[in-house]
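First up is the structure itself, then whatever we jot down about it.
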């Protein structure tokens, strides 16, 4: 197991020299083009490569695991695209696409043990899928009928967090509780927490505070940053002078940059990070370097702030296609398998759509009945007053 000292930069920093813009951009955008720090196990061309630092966490990732991970990503992308279409057709108030981030999410989600806890933001549809959440249970959030219809304790997956970065405080506090209750150690039942957020959230105070608390208490929490390059309309280069994973050094815990379009690397690195936390060596920061191929949300127009050439470049690094190529070239997987996965994804999309179209509107008193576990005189009076007003209208 590593210790924070192992991750301290070996070179001193000249405080009199400020990096120029070209150096900042080079460091922030270094991916598979020669960045020695980037963890990659599957190249964009589908070639399986080695990384001695994390090969030990990928020894079981043979053709069977690859087929399963490919299936996961295809299904997640398919219902994500259906969610986009439903919003455009007026069936959802908004949708938050994950297109291009399937590997970052499925890799991390499949690394979790049943006892681990996950805290998402509002884009983690793939992690939800990996934790056993039925995709249709996500629809109420975006249709405006509920805040999430799954049991967070049973699924070990918290409800979505809309406030940017707030989940980092929730996750740090939960992880501190895991440590205080003696759930961290070498045993098979030891626990860890993982917290998902984007590059834009790293500019929020809540994220900084979560890092501070987790570091001070050695909380078993993996901070998993999906750096998709754009915080709505602002690029990462306007938020940081150093690659985001290097920020961990300032808090005294390790930071790792992984190819976020490489599902094998994301799985292996997250396995390592979670093990570090479960055994008492947390926290850890993982920066999954990926790209948001679609809009920030369906209310966003990315063509107003980024170039089409950038999007075309990242299409060549598609997380699903590199697994498909590897399965065909290195494992001889035939078209029958891919046809089966496509048929399964189409069936899921059809069920997703049907569920959305047939969702009943919530009862008018739901805003009162779903606020507290138990009622109160004040809440009961508000409910009675509102229902009397509501029923005064004709035709209700």
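What number goes with the only condition from (1) farther than 29 Å from residue 255 by Cα; (2) surrounded by 15 or more Cβ atoms within 10 Å (Cβ to Cβ) that residue 35 does not pass?
Unmet condition: (1).
Filter segment 126-163 for residues that are free of Cβ contacts under 8 Å to residues at least 60 places away in the same chain, assigned to a helix (DSSP H, G or I) and under 24 Å from residue 277 (Cα atoms) and give the result.
Scanning segment 126-163 gives 126, 128, 129, 130, 152, 153, 154, 155.
Within segment 42-73, track down each residue that is farther than 24 Å from residue 275 by Cβ and surrounded by fewer than 21 Cβ atoms within 10 Å (Cβ to Cβ).
Listed by number, the residues that qualify are 43, 44, 45, 46, 47, 63, 67, 71.
Restricting attention to segment 164-190, report how many residues are assigned to a loop (DSSP other than H, G, I, E, B) and in contact with a strand residue (DSSP E or B) (Cβ under 7 Å, 6 or more places away or on another chain).
Of the residues in that region, 1 qualify.
Does segment 325-346 contain any residue that is in the same structural domain as residue 69 (by TED's automatic domain parsing), within 30 Å of residue 171 (Cβ to Cβ) and either in contact with a strand residue (DSSP E or B) (Cβ under 9 Å, 6 or more places away or on another chain) or assigned to a helix (DSSP H, G or I) (or both)?
So far as segment 325-346 goes, no, none of its residues is in the same structural domain as residue 69 (by TED's automatic domain parsing), within 30 Å of residue 171 (Cβ to Cβ) and either in contact with a strand residue (DSSP E or B) (Cβ under 9 Å, 6 or more places away or on another chain) or assigned to a helix (DSSP H, G or I) (or both).
If residue 350 meets every condition in (1) touching a residue at least 24 places away in the same chain (Cβ under 8 Å); (2) within 30 Å of residue 69 (Cβ to Cβ); (3) part of a helix (DSSP H, G or I) apart from one, which number is that one?
Of everything listed in (1) touching a residue at least 24 places away in the same chain (Cβ under 8 Å); (2) within 30 Å of residue 69 (Cβ to Cβ); (3) part of a helix (DSSP H, G or I), residue 350 misses just condition (1).
Is it true that residue 257 is under 17 Å from the mean Cα position of the chain (by Cα), modelled with pLDDT of 95 or more and in the same structural domain as residue 293 (by TED's automatic domain parsing)?
The answer is yes for residue 257.
Which one is surrounded by the most Cβ atoms within 10 Å (Cβ to Cβ) among residues in segment 170-182 that are over 16 Å from the mean Cα position of the chain (by Cα) and touching a residue at least 12 places away in the same chain (Cβ under 8 Å)?
175
The values are calculated or read from the model by the stated rules, or taken from the named source; none is laboratory data. Predicted, not measured: the structure shown is a model, and the values here were computed from it. Here the Cβ is made from the backbone with ideal geometry for all residues, glycine too, and neighbour counts use every protein chain on show.
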